[in-house]
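Structure incoming, see below.
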Amino acid sequence: MTEYAPTHVGTVTKYVVVESFDVTPADLALRGYEISQGAMIKETCFGLVINGKEDEVDRITVELRKLDPDHIFIKDRGFPPGD
């Protein structure tokens, strides 16, 4: 049996869900790419999945929520994108 070797040790993954008339997942992705400093960002139909060091992911999510604070929601995810 192959031993399990995680590839993203020391990282966190968060969902950024948008339900807004003014901001689309593409808008979030563009802004996320602009401010990211090494975090993995994946655009989805409902928003983004962001994986990286905890302080970097938190900084990105705080900035993204400023686009529409009442309609952008953040949720922790247990696995990185693609798992």
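The values are calculated or read from the model by the stated rules, or taken from the named source; none is laboratory data. Note that the structure is predicted; figures quoted are calculated from it, not measured. Note: ideal-geometry Cβ built from the backbone for every residue, glycine included; neighbour counts use all protein chains shown. Side chains are part of the model used for accessible areas, which takes the heavy atoms of the whole protein and leaves out ligands, DNA and RNA. Shrake-Rupley method; radii C 1.70, N 1.55, O 1.52, S 1.80 Å.
Give the accessible surface of the chain per residue, rounded to a whole number of Å², with probe radius 1.4 Å and ligands, DNA and RNA excluded.
67 Å²
Within 10 Å, at most 13 other Cβ atoms, and a DSSP state outside H, G, I, E, B define an exposed site. Report the longest part of the chain free of exposed GluC sites (Glu not before Pro).
20-83
Between Met1 and Arg77, what is the FRET efficiency for a Förster distance of 22 Å, r being their Cβ-Cβ separation, to the nearest 0.05? Please report the intermediate quantities before stating the final value.
Details: r = 27 Å, r/R0 = 1.22.
The pair Met1/Arg77 has a calculated efficiency of 0.25.
Another one. Taking all protein chains as present, what is the carbon and sulfur share of the accessible area of the chain, in % to the nearest whole number, probe 1.4 Å? Walk me through the numbers before you get to the answer.
Working: 3050 of 5570 Å².
Within the chain, the accessible surface is 55 percent carbon and sulfur.
A further question on this structure: At 222 nm, what value in deg cm²/dmol follows for the chain if DSSP H runs of at least 4 each add -39500 (n - 2.57) and the sum is divided by all its residues, to the nearest 500?
One gets -8500 deg cm²/dmol as the mean residue ellipticity at 222 nm.
Over the chain, what is the mean sequence separation of C-alpha contacts under 8 Å (at least six apart), divided by residue count, expressed as relative contact order in percent?
After rounding, I find 41 percent.
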